[in-house]
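Heads up, the thing below is written out as structure tokens.
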Amino acid sequence: MTTGHHWAFATLTASPGCRVHYDRRRSAGDRHAAALRNLYGRLLGCLHHCLATGQPYAEQHAFPTRGDSPTPLLPPWPHGAET
């Protein structure tokens, strides 16, 4: 197992958004390892965005639910990141 696998697996109980993302991938037919790899990629993209823009991590932007609307001060996640 890699660090990314452990990171993604640990978020399944700590982050409701990560859990929903993982469950959605599993429902789409991904096996456990593939769903974790996809979640890890998403988390890595979030980390890159935070480091590139200097913004703190915000669960509601990283994994929005249907009723969430982004805070006006932050660009839509992860698009709008200045590189």
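Nothing in this text is a laboratory measurement; each read-out follows from the coordinates by a stated rule. Values in this document were obtained by computation on a predicted structure and should not be read as measured data. With ideal geometry, Cβ positions are generated from the backbone for all residues, glycine too; neighbour counts draw on all protein chains shown.
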Positive minus negative residues near ALA33 (Lys, Arg vs Asp, Glu; Cβ under 14 Å): +3
Karplus-derived 3J(HN,Hα), 6.51/-1.76/1.60, for each residue of segment 29-37, Hz, glycine and proline x: x, 5, 6, 3, 5, 5, 5, 5, 4
